[in-house]
Amino acid sequence: MSEVLLELHGVTVRFDGLTAVHELDLNIERGMIRALIGPNGAGKSTVFNVVTGIFRPSSGSIRFRGEEISRLNPYHIAARGIARTFQNIRLFKNASVLDNVKVGRHYRCRSNIWDALLRLPGFKAEERQTAEASLEVLELVGLAHKKHELAMNLSYGEQRRLEIARGLASNPVLLLLDEPAAGMNPQEKKNLMRLIQDIRDRGVTVFLVEHDMKFVMALSEKITVLDYGRKVCTGSPTEVRSDPRVIEAYLGKEVG
Ligand SMILES: Nc1ncnc2c1ncn2[C@@H]1O[C@H](COP(=O)(O)OP(=O)(O)OP(=O)(O)O)[C@@H](O)[C@H]1O
Ligand SMILES: [Mg+2]
């Protein structure tokens, strides 16, 4: 059996009167491309927010590589090896493509402000490593030739790939992608699919939220379906596609 990397057990998230996620059990095995799907408002982004420490669960446990992380803040969770992208792109639009990626390396750096101010040798070596590693991930996502461009000058699809590059710059074990294909044209989606496979082949486990069913079904090995914060089922693309409870969850609403 493969190693369970991330383990959610009985996770509930409440906002005032609303239960956005209800007693969710979910495992992610190392090396997988894993998906979470469901209609709008099902609680998918809330799951990502609770895994990355933006929200704390009202109850339940979240274990990453065997350790409880549900009380840690986002910085410490990121430092342990979980990176993410956001449903609404969050980039420094007035900064260069390369600088946006360098920000992602920050979790790996040891130097402090004094090392930087005094320009100690350790800091300079680290700065060089940061630049090299950032360029390497830009090459992987196909944006190395745009390293000096401002992020705001990139197309929508390129901005999504830049967010992925920033996530990868921290050298994560697990990468969470919240609707990475949103707003992309068919060719961009095809490229993105290949990129996600490359990322997995490099040893990064991928956990993905996506509305484009064709994309999800072609890419993921295992899918969990959420509806109103509750798990409907977990299975292979074929199992999920033919599950009557899934069909009902989607037919009850408009698919976004
Ligand atoms: N910070 C918050 N405060 C209050 N309610 C919230 C908050 N974040 C999410 N919710 C609510 O929790 C529910 C789940 O939202 P969530 O964003 O997780 O859904 P989703 O599955 O990601 O939907 P979509 O496909 O539209 O992105 C929704 O009813 C939403 O309004
Ligand atoms: Mg969402």
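Of these, L18, L98, L5, which one is out of contact with any strand residue (DSSP E or B) (no Cβ under 8 Å at 6 or more places or on another chain), away from ligand 2 (no atom under 16 Å from the Cβ) and aliphatic (A, V, I, L, M)?
Numbers: L18 fails: away from ligand 2 (no atom under 16 Å from the Cβ); L5 fails: out of contact with any strand residue (DSSP E or B) (no Cβ under 8 Å at 6 or more places or on another chain).
Every option except L98 fails the conditions.
Could you list all residues from region 25-42 that are within 15 Å of ligand 2 (Cβ to nearest atom) and aliphatic (A, V, I, L, M)? Write out each step before concluding.
Going through region 25-42, the residues within 15 Å of ligand 2 (Cβ to nearest atom) turn out to be 35-42.
Listed by number, the residues that qualify are A35, L36, I37, A42.
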Check: Tally time: how many residues in region 16-33 are free of Cβ contacts under 8 Å to residues at least 40 places away in the same chain and under 18 Å from the mean Cα position of the chain (by Cα)?
Finding: 1
Notebook entry, point to check: Failed condition for E68, given (1) modelled with pLDDT of 95 or more; (2) away from ligand 1 (no atom under 16 Å from the Cβ); (3) surrounded by 15 or more Cβ atoms within 10 Å (Cβ to Cβ); (4) among the acidic types (D, E), with all others met?
Noted result: (3)
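Yes or no, residue by residue, for (1) touching a helix residue (DSSP H, G or I) at 6+ places or on another chain (Cβ under 9 Å); (2) in contact (Cβ under 8 Å) with a residue 24 or more places away in the chain:
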position: A144; (1), (2): yes, no
position: E149; (1), (2): yes, yes
position: R160; (1), (2): yes, yes
position: K190; (1), (2): no, no
position: G229; (1), (2): yes, yes
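Each row is one residue, and each column tells you yes or no for (1) of a type in the set (G, A, S); (2) surrounded by fewer than 22 Cβ atoms within 10 Å (Cβ to Cβ).
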{"position": "L138", "(1), (2)": "no, no"}
{"position": "K146", "(1), (2)": "no, yes"}
{"position": "S155", "(1), (2)": "yes, yes"}
{"position": "E158", "(1), (2)": "no, yes"}
{"position": "M193", "(1), (2)": "no, yes"}
{"position": "R202", "(1), (2)": "no, yes"}
Check: Can you name the number of the only condition in (1) at pLDDT 95 or above; (2) in a helix (DSSP H, G or I) that D115 fails?
Finding: (1)
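G31 - would you say it is in a loop (DSSP other than H, G, I, E, B), in contact with a Pro (Cβ under 7 Å, 6 or more places away or on another chain) and over 19 Å from H211 (Cα atoms)?
On the way: in a loop (DSSP other than H, G, I, E, B): yes; in contact with a Pro (Cβ under 7 Å, 6 or more places away or on another chain): no; over 19 Å from H211 (Cα atoms): yes.
Spelling it out, it is not the case that G31 is in a loop (DSSP other than H, G, I, E, B), in contact with a Pro (Cβ under 7 Å, 6 or more places away or on another chain) and over 19 Å from H211 (Cα atoms).
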Item checked: Unmet requirement for I28, which otherwise passes all of (1) away from ligand 1 (no atom under 16 Å from the Cβ); (2) more than 26 Å from R245 (Cα to Cα); (3) among the β-branched types (V, I, T) -> (2)
Check: Restricting the search to region 43-90, which residues are in contact with a Leu (Cβ under 8 Å, 6 or more places away or on another chain) and assigned to a strand (DSSP E or B)?
Finding: G60, S61, I62, R63, F64, I82, A83, R84
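Would you mind stating whether G43 is under 23 Å from T205 (Cα atoms), out of contact with any helix residue (DSSP H, G or I) (no Cβ under 9 Å at 6 or more places or on another chain) and near ligand 1 (Cβ under 10 Å from one of its atoms)? Give the steps one after another, and end with the answer.
Working: under 23 Å from T205 (Cα atoms): yes; out of contact with any helix residue (DSSP H, G or I) (no Cβ under 9 Å at 6 or more places or on another chain): yes; near ligand 1 (Cβ under 10 Å from one of its atoms): yes.
When the stated conditions are applied, G43 passes them.
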Next item on the list: Could you name every one of the helices (runs of 4 or more DSSP H) located completely within region 168-253 that has at least 2 residues being touching a Gly at 6+ places or on another chain (Cβ under 8 Å)?
Entry: 186-201
Checklist line | Single unsatisfied condition, E3 versus (1) within 11 Å of ligand 1 (Cβ to nearest atom); (2) under 17 Å from P172 (Cα atoms) | finding: (1)
Note to self: Any residue at all in region 43-65 that's more than 16 Å from ligand 2 (Cβ to nearest atom) and among the aromatic types (F, W, Y)?
What the structure shows: yes
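The values are calculated or read from the model by the stated rules, or taken from the named source; none is laboratory data. The shown structure was predicted, so the numbers you read here are calculated from the model rather than taken from an experiment. Virtual Cβ from ideal backbone geometry, glycine too; neighbours counted across all protein chains shown.
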